[in-house]
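A short write-up of the structure that comes next.
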Number of protein chains: 2
Amino acid sequence: MSASLIEAFSKLVGAEHVLTGMFAAPHYKDKRGVYSGNALAVVFPADTNQVSAVVSFCTSNRIAIIPQGGNTSLCGASVPLADFDRKLYAHQVVINLSRMSSIRSIDAVNYTMTVEAGCTLAQVRDIAVQNNRLFPLGLTAIDTSCEIGGNLSTNAGGIGVLRYGNMRDLVLGLEVVLPDGRIWNGLRRLRKDNTGYDLKHLFIGAEGTLGIITAAVLKLFPQPVSQATACIALRDPAAAVSLFAHLRSTCGDRISAFEIVSRPCLDLVLQHIPDTCEPFKQSYQWMVITELADVLNVPLEAALRSALSSFTEGAEEYLITSNKDQSASWWNLRKFISEAQKIDGISIKHDVSVPVSQVPTFIELADAALKLEFPGVRIVAFGHIGDGNIHYNASMPEPVKNAPFLAHSNKVNRIVYDIVAQLDGSISAEHGIGQLKREKINSYKSALELELMRGIKHTLDTQGLMNPGKVI
Amino acid sequence: MSASLIEAFSKLVGAEHVLTGMFAAPHYKDKRGVYSGNALAVVFPADTNQVSAVVSFCTSNRIAIIPQGGNTSLCGASVPLADFDRKLYAHQVVINLSRMSSIRSIDAVNYTMTVEAGCTLAQVRDIAVQNNRLFPLGLTAIDTSCEIGGNLSTNAGGIGVLRYGNMRDLVLGLEVVLPDGRIWNGLRRLRKDNTGYDLKHLFIGAEGTLGIITAAVLKLFPQPVSQATACIALRDPAAAVSLFAHLRSTCGDRISAFEIVSRPCLDLVLQHIPDTCEPFKQSYQWMVITELADVLNVPLEAALRSALSSFTEGAEEYLITSNKDQSASWWNLRKFISEAQKIDGISIKHDVSVPVSQVPTFIELADAALKLEFPGVRIVAFGHIGDGNIHYNASMPEPVKNAPFLAHSNKVNRIVYDIVAQLDGSISAEHGIGQLKREKINSYKSALELELMRGIKHTLDTQGLMNPGKVI
């Protein structure tokens, strides 16, 4: 049976584009090594019609579909399930979009480009630059491996959200292969279109559970030419939030990044990453790195200096530069936090958001609750404070204590997420739900909202074959 | 029967908040005087629970619901149908949200405010200013009468879209009474939340066909302090589009407006609106008014001058000012076009969009086709060229010829919309569908997209009682 199915896929896309066995194995496990499953095959369609044909075949044969791009999901959204109810379907297949990597068109005057789902983010950014434009999404470590289809399906975030929005905000139109194999051409290149329900927003952030995004019209932006960076030592997160509100009202939307770094993050980076150094002579508990960028040649250093000198609510010390090397050396202190943590050991991670004004309360309450329950716990808190999005990770600094601590991850999660919920926050700000938080959202979303989501899922994916076991 | 239903509504919201007969009549006809219908009553709930109770009652009694705010719809979306199939439902009722006009909260640090659907746009803008913030949506003539619920339900646009986006882009969360009367609390104040399908986007722009929006969390922005305006005479629309691309790449997103005005518009304004005058000594065919705004005190006049002096593709002459009176006098030439047209007589109007790069082709093709078919026709084309959104109106200058011309409106519409479709455009850029274009979209949207829309409508509004006969 499996063999004949694989043969059928081979007929649809060519035998050399169907991987099985050990060649397929890397596609069955996630990047973090947490999730792995098995499938009939990994199928690599060449174009939208082939995606459509493969999906139609799966639908007719009750085969579950796992859409996959660069397979960089942090929540197990892009790999087959390890186990599933065989009464629902008999097989799983991975449809990998990586072969669909054409830039279909670029319109510099309309500030748009139409790209296929398998383009990598780095490729899209490069082509934009070649056309004197900016595509602002940036995920640093994975730009060269993550793909646009995945960026769309997870509504990707990152440092640039503050200025340019999430991936959802960077899209004008989509092409989607629906769960029944039909192709929806919603590749609009329009800034304004009020002709009914805006269907594209259903598929963005749906993690492939409502269809397979095959192409998209992306918004482009002018390229900034001037830039200035500040590194600011602050009393506490409350000072950071006040500073952000102050900077926004004085410098406006030319703030292209505003990231907070706590002392434990900095210590880990200084310890594990070569060529990094403390920015100030003194060792402060909290630090913000912020950047202004402008397409005009304007004196941004002066703007930062003026804004910072008029800020009186808790800045201990600050440095400003428009030198790229100096700026890069500060940014390394932020960008290498994940890497430094990984070297140091495993931690219990949270990607949460609350209203920006509530970040200080969140950190205060979560720190207090965890320290009470787990004396000696180390909190590594950092991230996109300008979006209210904090990466909040907990571990025990001594390896011997960390293993038993990790066994309490459910309890740690509950403590953190309950505080997030109490502050009207989100338990997944940018990484998505996937398999990782599929059960957890049941405790943090209203029954009505889950019912609405299931209703929409059922309307679009009647047979429930599109990335089952993820999100909902 | 009707009397007992009206009594039931009175019990739910108080007798003084249920209008019937001549008191209700103004709510049964649209602002333009094109659509009018009849209903049992206009019911004015005081809060979300009352909306929920009224909707539940309607659902149990098969009464169709027309959600209404300021009743400023340009497409008949907010009034009862003149005629309907009584096999589907026996009665209609208007639920007017105007009493729900509380600002529930404002969080200047989070740059958000939570408002009820019945707040007027002017009220929201004023409260933002009082908190040293900007709410950027502006619809000039109707700011004091249109309401936030309607702005959301029609995904309102206007001049500020270029810089700040449509209403859809200005919202973080919604509260909605669903067609079965249940209340969905999606009032999130988060910049990032990737926990499943983003349901709010379904209700925005749905013109009340999927539920009644009762409250929203709106995004606020810093207030600009510096400003400069340019009035530029241009060879043709192609020059205007090139100029826009050039300005965006040199001045960036501080362009807060970029509007095109053609000679016939200008002539109408100069003829009918007192205290208006030609900006240049010479009489040019095309003109753009653009504005830069910034929260920093920067020399925007100089920026405009530098950008315009380096533009070589068809600017005939230009004027720049940062004087508010001078700027206002130029803006009046744009803002009074609709008024001047109305005084001049009736015309066949279109609110269309195409990719920005295609605007010149659209105007060229549509002008040629209409002039061929209707010699002597006057085209009044103007609007948001930076968004690709043109208000494209046709009439005969001599009143005696205009009446017979108006009888050809179907043909005129078809000529214009077919060209829009050919250029991948939209037949309703910002005004919506309502009753006006409900049939027309069947020719311009794919059968699959309409099927998806109907599927979603049926999932949320099983009985089809929520603003029936509008949109889909």
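When the helices (runs of 4 or more DSSP H) confined to the range A:292-358 are screened for residues that are within 24 Å of the chain's Cα centre (by Cα), those reaching at least 2 such residues are found at A:324-335, A:337-344. Against the list (1) touching a strand residue (DSSP E or B) at 6+ places or on another chain (Cβ under 9 Å); (2) among the β-branched types (Val, Ile, Thr); (3) more than 10 Å from every other protein chain (Cβ to nearest Cβ), the condition residue A:225 fails is (3).
Taking the range A:59-73 as the range and being more than 27 Å from the chain's Cα centre (by Cα) and under 25 Å from residue A:31 (Cβ atoms) as the test, only A:63 passes.
For residue A:415, the conditions (1) assigned to a helix (DSSP H, G or I); (2) in contact with an Asp or Glu (Cβ under 7 Å, 6 or more places away or on another chain); (3) at the interface with another protein chain (Cβ under 7 Å from one of its Cβ atoms) are fulfilled apart from (3). Pairs are defined by a Cβ separation below 7 Å, a sequence spacing of at least 6 or placement on different chains, a first member in the range B:388-402 that is in contact (Cβ under 8 Å) with a residue 40 or more places away in the chain and open to solvent by less than 20 Å² (accessible area, probe 1.4 Å), and a second member that is assigned to a helix (DSSP H, G or I) and among the small types (Gly, Ala, Ser); the pairs so defined are B:392/B:366. Screening the range B:54-71 for residues that are surrounded by fewer than 18 Cβ atoms within 10 Å (Cβ to Cβ) and in contact (Cβ under 8 Å) with a residue 60 or more places away in the chain and picking the one that is nearest to residue B:435 (Cα to Cα) gives B:62.
Selection within the range B:243-253: residues that are open to solvent by 20 Å² or more (accessible area, probe 1.4 Å) and in contact with a strand residue (DSSP E or B) (Cβ under 9 Å, 6 or more places away or on another chain). The member of this set that is nearest to residue B:161 (Cα to Cα) is B:253.
Could you tell me which of the residues A:427, A:415, A:441, A:419 is within 20 Å of residue A:205 (Cβ to Cβ) and touching a helix residue (DSSP H, G or I) at 6+ places or on another chain (Cβ under 7 Å)? Can you show your working first?
Values: A:415 fails: within 20 Å of residue A:205 (Cβ to Cβ); A:441 fails: touching a helix residue (DSSP H, G or I) at 6+ places or on another chain (Cβ under 7 Å); A:419 fails: within 20 Å of residue A:205 (Cβ to Cβ).
Exactly one of A:427, A:415, A:441, A:419 is within 20 Å of residue A:205 (Cβ to Cβ) and touching a helix residue (DSSP H, G or I) at 6+ places or on another chain (Cβ under 7 Å), namely A:427.
The set of residues in the range A:165-216 that are of a type in the set (Ser, Thr, Tyr) and without any contact (Cβ under 8 Å) to a residue 40 or more places away in the chain comprises A:195, A:197. Give the residue that is farthest from the chain's Cα centre (by Cα), with candidates limited to residues of the range A:125-155 that are surrounded by 23 or more Cβ atoms within 10 Å (Cβ to Cβ) and β-branched (Val, Ile, Thr). Only one residue fits best here, namely A:148. Could you say whether any residue in the range B:359-373 is within 14 Å of chain A (Cβ to nearest Cβ), assigned to a loop (DSSP other than H, G, I, E, B), within 22 Å of residue B:425 (Cβ to Cβ) and at pLDDT 95 or above? No, the range B:359-373 has no match at all.
If I filter the range B:205-226 for residues that are buried (at least 24 other Cβ atoms within 10 Å of the Cβ) and of a type in the set (Lys, Arg), do I get at least one hit? Taking every residue of the range B:205-226 in turn, none turns out to be buried (at least 24 other Cβ atoms within 10 Å of the Cβ) and of a type in the set (Lys, Arg). Among the residues making up the range A:152-168, those that are among the hydrophobic types (A, V, I, L, M, F, W, C), more than 17 Å from residue A:217 (Cβ to Cβ) and part of a helix (DSSP H, G or I) are A:161, A:162. Only residues that are in contact with a Pro (Cβ under 8 Å, 6 or more places away or on another chain) and facing chain B (nearest Cβ under 10 Å) were counted across the range A:158-168, and they come to 2. Of the residues making up the range B:101-133, those that are touching a residue at least 60 places away in the same chain (Cβ under 8 Å), hydroxyl-bearing (Ser, Thr, Tyr) and in a strand (DSSP E or B) are B:112, B:114.
Just one residue in the set A:25, A:15, A:39, A:3 is touching a Phe, Trp or Tyr at 6+ places or on another chain (Cβ under 7 Å) and either open to solvent by 50 Å² or more (accessible area, probe 1.4 Å) or more than 28 Å from residue A:103 (Cα to Cα) (or both); that residue is A:39.
Taken over the range B:27-53, residues that are in contact (Cβ under 8 Å) with a residue 60 or more places away in the chain and either over 26 Å from residue B:114 (Cα atoms) or of a type in the set (Val, Ile, Thr) (or both) amount to 6. Counting only residues that are surrounded by 15 or more Cβ atoms within 10 Å (Cβ to Cβ) and either polar (S, T, N, Q) or in contact with a strand residue (DSSP E or B) (Cβ under 9 Å, 6 or more places away or on another chain) (or both), the range A:361-380 holds 11 of them.
Run down A:376, A:383 and say which single residue is within 14 Å of chain B (Cβ to nearest Cβ), on the phi > 0 side of the Ramachandran plot and of a type outside the set (Ser, Thr, Tyr). Can you show your working first?
Numbers: A:376 fails: within 14 Å of chain B (Cβ to nearest Cβ).
A:383 is the lone residue from the list that is within 14 Å of chain B (Cβ to nearest Cβ), on the phi > 0 side of the Ramachandran plot and of a type outside the set (Ser, Thr, Tyr).
Is it true that some residue in the range B:45-55 is assigned to a loop (DSSP other than H, G, I, E, B) and either of a type in the set (S, T, N, Q) or under 22 Å from residue B:76 (Cβ atoms) (or both)? Working first, answer last.
Of all residues in the range B:45-55, those assigned to a loop (DSSP other than H, G, I, E, B) come to B:45-47.
Going one step further and asking which of them are either of a type in the set (S, T, N, Q) or under 22 Å from residue B:76 (Cβ atoms) (or both), we end up with none.
Within the range B:45-55, none of the residues are assigned to a loop (DSSP other than H, G, I, E, B) and either of a type in the set (S, T, N, Q) or under 22 Å from residue B:76 (Cβ atoms) (or both).
Evaluating residue A:457 against the criteria (1) open to solvent by 10 Å² or more (accessible area, probe 1.4 Å); (2) in contact with a helix residue (DSSP H, G or I) (Cβ under 7 Å, 6 or more places away or on another chain); (3) not hydroxyl-bearing (Ser, Thr, Tyr) leaves one unmet condition, (2).
Within the set B:283, B:256, the sole residue that is touching a residue at least 12 places away in the same chain (Cβ under 8 Å), in a loop (DSSP other than H, G, I, E, B) and of a type outside the set (D, E, K, R) turns out to be B:283.
Within the range A:422-447, the set of residues being open to solvent by 50 Å² or more (accessible area, probe 1.4 Å), among the aliphatic types (A, V, I, L, M) and part of a helix (DSSP H, G or I) comprises just one member, A:447.
So how many residues does the range A:169-210 have that are part of a loop (DSSP other than H, G, I, E, B), more than 10 Å from every other protein chain (Cβ to nearest Cβ) and either under 25 Å from residue B:207 (Cα atoms) or small (Gly, Ala, Ser) (or both)? So the count comes out to 2.
The values are calculated or read from the model by the stated rules, or taken from the named source; none is laboratory data. Here the structure is a predicted model, which is why all the values come from computation and not from measurement. Glycine gets a Cβ as well: all are built from the backbone with ideal geometry, and neighbour counts include every protein chain shown. The protein model used for the area step is the full one, side chains on, heavy atoms only, and it has no ligands, DNA or RNA in it. Shrake-Rupley method; radii C 1.70, N 1.55, O 1.52, S 1.80 Å.
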